[in-house]
Each structure stands twice: as C-alpha cells, then as structure tokens.
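K.L.:
One structure coming up, written as structure tokens, with questions to follow.
The values are calculated or read from the model by the stated rules, or taken from the named source; none is laboratory data. This one's a predicted model, so the numbers in the text were calculated from it and none came from an experiment. Positions of Cβ are backbone-derived with ideal geometry, glycine not excepted, and every protein chain shown enters the neighbour counts.
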Amino acid sequence: MAKVKEYRIDQVDEVCNLGKALSSPVRLEILQLLYRDSMIIGEIAKKLNLPASSTAFHLKILEQAGLIRMEEQPGTRGSTKLCIPKLDILTIDTTKRNMDVKEVFSAEMPIGSYSSCEVSPTCGLYGPDGSVGNDDREYSFYLPERIKAGLLWTSSGYVEYKFANAVPDGCNVDRLSISMELCSEAPGYREDWKSDITVWINGMDCGTWTCPGDFGARRGRLMPPDWPVGSTQYGVLKTWEVRKDGSYLNGERISDVTIDMLKVMEKPYIKVRIGNKKDAKYVGGFNLFGKHFGDYDQDIILSMEY
C-alpha cells in the first residue's frame with residue numbers, strides 16, 4: 001500500500017524542510033534509488049559515484065524532511081545505516097486554513113464494535129438475525145457476530161469503544177460530544193429500576209446520568225417484530241458534551257472535566273467507556289440501542305468541533 005502524506009501551506013517549517021530536501025538533483029536521484037530498494041550509505045555512494053561524507057550529508061537532509069528513515073544495521077566493520085523511504089506520494093495544500101471557521105468531524109460506532117467489556121448476567125446481545133450467542137453468557141460478548149448487534153445489555157460493568165481520531169494534526173478541538181440511546185437493565189423490564197450510568201472519555205469521568213428505569217411498557221418504535229413483549233423496548237437519547245468550561249449532559253453542566261483535560265490530539269483514537277461505577281449508588285446496568293432498535297435510528301455518535 002502506498003505511503004501518502006498531505007502537507008498544509010501553514011505548516012511552515014515542515015514545508016520549508018521539504019522544499020530544501022527536494023531542491024537538489026542528487027537528493028532526487030537518491031529517492032529514486034531508494035524507491036527500488038532500501039540501501040546502506042556505502043551502496044548509495046557507490047551507485048552515485050559520491051564520497052561517503054557527501055552522501056551522508058544528503059541523506060541527513062532527506063531524513064529531517066521526513067522522506068526517509070535510517071536504521072542502524074550490523075556491518076562487517078561495526079554498524080552501518082540502512083536507508084528506507086518513508087513516503088510514496090506527498091501533496092501540499094496551498095489553501096490557508098481559516099482558523100475562525102469551525103469544522104466538525106463525526107463518526108458513528110455500531111454498539112457491537114466495542115474494544116473491551118466487562119459484563120454480568122443479566123446480559124446479552126441481539127441483532128437482525130436474533131440473539132448473538134446465548135443470553136447471560138459472557139462468552140457471547142466475544143463472538144465475531146457481536147459486530148451486528150443492535151441491542152446490548154448487562155446488569156453491571158462497562159463497554160469501551162475506540163473511535164478513530166481524524167481531526168487534522170495541529171488543530172485544536174473545542175468541543176466533543178457523545179450521543180446514544182440507553183436505559184437501565186432489569187430482568188424483563190422495570191420502569192422504576194434506577195441506574196447510575198457514567199461516561200468516561202480518554203479515562204476521564206465526564207459525568208453520570210441516573211436513568212429512572214428500564215423501559216418496556218410500550219413497544220419501541222423501531223424494535224423488530226420478533227423481539228418479545230415483556231422485554232426492554234426503548235431508551236432515552238442522551239448526549240454527553242465536553243467543552244472548554246466543563247462537561248454537560250443534554251445541555252446541563254454535570255462535571256468540571258474540560259476538553260483540554262481529555263488531551264484528544266495525543267492519540268489517533270478517542271476512548272469512550274460507558275458503564276456503572278462499582279461503588280455507584282444505583283448499579284442498575286444498562287441497555288444500549290443501535291440502528292433499527294429502540295426509538296432512535298442511530299448507533300453511538302461521536303462529534304468533535306475544531
């Protein structure tokens with residue numbers, strides 16, 4: 001697969017280093033050699049009929065521009081450096097980004113696409129083809145078919161998701177939100193079954209919602225016909241939002257955790273955990289509804305404004 005990188009015109013140092021590296025015919029020739037095969041410094045010098053010192057100078061400039069990398073390898077007389085190309089294609093966006101205009105990255109995560117979990121009976125998953133594995137058996141949460149689940153439930157514990165972070169490098173995220181349909185989890189259903197449901201983002205507690213019950217007194221608007229009456233039917237659409245001044249739940253401030261505390265640009269993913277704290281007042285589990293289930297036709301939606 002081709003290694004591609006995009007540069008922006010406002011990345012001044014990187015673009016200048018790139019221009020310097022590509023301004024020499026010798027360095028362009030070196031890149032063409034390395035495209036065919038990785039080589040040690042001595043081999044490159046020999047191919048181009050250059051002194052080793054001059055070759056090392058040109059390679060250093062290419063390395064500083066991020067076009068190649070050099071790895072130490074054992075040689076016949078000590079160690080030598082193997083030169084390996086880092087990029088196949090590069091582009092430069094010459095449009096200056098307007099930092100006064102906000103942009104939004106958004107991703108929708110199927111509820112069965114969690115990266116880790118901790119569950120306990122009553123628990124299970126249900127998809128368009130029926131139950132995933134067996135109800136109240138923890139192994140079901142590790143089956144490949146879990147990806148298709150439209151309803152997930154557990155009486156305690158958590159599920160954790162990793163959303164890809166596609167915000168461009170160098171940008172500042174001002175706001176992050178997580179939206180989902182959920183409710184408590186009781187055997188069958190109980191409208192008065194409370195549960196303290198917490199959302200953690202990148203390991204930070206962003207607030208707890210006390211859900212008043214496990215809702216099943218009426219049929220969920222999107223529940224499939226084969227889903228039994230007498231079971232959980234729908235949830236409440238809730239949005240956790242982290243801003244510069246704290247965290248909010250459906251617009252009401254619930255936590256002092258700010259967007260800067262999440263350090264969202266340090267990793268290529270955003271980690272989101274949904275569950276009950278072990279010492280919560282109401283450990284009442286939770287149901288998560290995905291597309292074509294419950295009342296709202298959506299999975300878990302993450303949005304970031306930058």
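K.L.:
What's the number of the condition E181 fails, among (1) touching a helix residue (DSSP H, G or I) at 6+ places or on another chain (Cβ under 6 Å); (2) crowded, with 22+ Cβ neighbours inside 10 Å?
P.N.:
Of the numbered conditions (1) touching a helix residue (DSSP H, G or I) at 6+ places or on another chain (Cβ under 6 Å); (2) crowded, with 22+ Cβ neighbours inside 10 Å, the odd one out for E181 is (1).
K.L.:
Which members of region 234-249 meet the condition of being closer than 23 Å to G216 by Cα and not aliphatic (A, V, I, L, M)?
P.N.:
Selection gives Y234, G235, K238, T239.
K.L.:
Going by what's in this entry, would D214 be described as modelled with pLDDT of 95 or more and farther than 24 Å from W193 by Cα?
P.N.:
Spelling it out, it is not the case that D214 is modelled with pLDDT of 95 or more and farther than 24 Å from W193 by Cα.
K.L.:
Let me ask something else. Could you look through region 115-152, keep only residues that are closer than 15 Å to K291 by Cα and touching a residue at least 40 places away in the same chain (Cβ under 8 Å), and pick out the one that is surrounded by the fewest Cβ atoms within 10 Å (Cβ to Cβ)?
P.N.:
G130
K.L.:
I'd like to check something: does region 92-104 contain any residue that is farther than 30 Å from G246 by Cα and either modelled with pLDDT of 95 or more or not in a loop (DSSP other than H, G, I, E, B) (or both)?
P.N.:
Looking for residues that are farther than 30 Å from G246 by Cα and either modelled with pLDDT of 95 or more or not in a loop (DSSP other than H, G, I, E, B) (or both), one finds at least one in region 92-104, hence yes.
K.L.:
Going through D196, D214 one at a time, which residue ends up being in the same structural domain as K271 (by TED's automatic domain parsing), over 23 Å from I270 (Cα atoms) and touching a residue at least 24 places away in the same chain (Cβ under 8 Å)?
P.N.:
Within the list D196, D214, the selection yields D214.
K.L.:
Then there's this: Being basic (K, R) and under 28 Å from P128 (Cβ atoms) is the filter here, so list the residues in region 195-252 that pass it.
P.N.:
Once the filter is applied, which keeps residues that are basic (K, R) and under 28 Å from P128 (Cβ atoms), region 195-252 yields R218, R219, R221, K238.
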